[in-house]
Amino acid sequence: LPAPRNHPMDGLFPWALERLDQPLTVEDLARQARMSSRHLGRHFRHLTGTTPLRWLHTQRIRRAQELLETTDATVDTIAAATGMGTATTLRRHFHRSVGVTPDAYRRTFRP
């Protein structure tokens with residue numbers, strides 16, 4: 001996350017992270033930041049180096065990793081908690097992003 005610096009988007013990142021379990025669109029993020037979607041996209045890329053949707057996807061995968069490492073929650077439960085919807089969707093995106101299935105990740109990184 002970018003360091004806070006009195007920017008209109010400062011509160012956006014924590015707000016979005018608290019709502020990863022909900023469907024969020026670029027329009028939702030722009031509304032929260034009180035700017036247009038195009039303006040948000042430009043500022044977002046400048047601050048983070050990526051697009052709002054890619055950032056959101058990355059945060060959802062990171063949350064899934066955290067839950068796989070620290071809980072016994074099922075993949076279905078983790079999919080819902082991260083806004084991925086279904087276990088199938090989580091498995092597909094997780095494997096594409098991390099390179100292994102959620103179950104393999106859990107076996108490797110769960111203490």
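Could you please report the charge total around THR70, scoring K, R as +1 and D, E as -1 over all other residues with beta-carbon less than 15 angstrom from its beta-carbon?
On the way: positive: ARG62, ARG63, ARG106, ARG107, ARG110; negative: GLU66, GLU69, ASP72.
Within the 15 Å Cβ shell, the charges total +2.
Suppose only helical runs count, i.e. DSSP H with n ≥ 4. What mean residue ellipticity at 222 nm does that imply for the chain under -39500 (n - 2.57) per run, divided by all residues and rounded to the nearest 500 deg cm²/dmol?
Details: 7 runs with 72 residues, N = 111.
That calculation yields -19000 deg cm²/dmol at 222 nm.
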Query raised in the report: So, in nm, how far is label ARG92 from label HIS46 when the simple model puts each one 7 Å beyond its Cα toward the Cβ?
Result: 3.6 nm
Query - the range 13-111 - Debye-derived log10 I(q)/I(0), Cα point model, q = 0.24 Å⁻¹ - result: -1.18
Report summary line: Answer in debye to the nearest 20: the dipole magnitude of the chain about its Cα centre, from +1 Lys/Arg and -1 Asp/Glu charges placed on Cβ, is 460 debye
Report summary line: Farthest towards the positive end of the dipole of the chain, among SER37, THR88, VAL75 and with Cβ unit charges of +1 on Lys and Arg and -1 on Asp and Glu, lies the Cα of SER37
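Just so you know, all these numbers are worked out from the coordinates, no wet-lab data involved. Predicted model, so just to flag it, every value in this text is computed and none were measured. Virtual Cβ from ideal backbone geometry, glycine too; neighbours counted across all protein chains shown.
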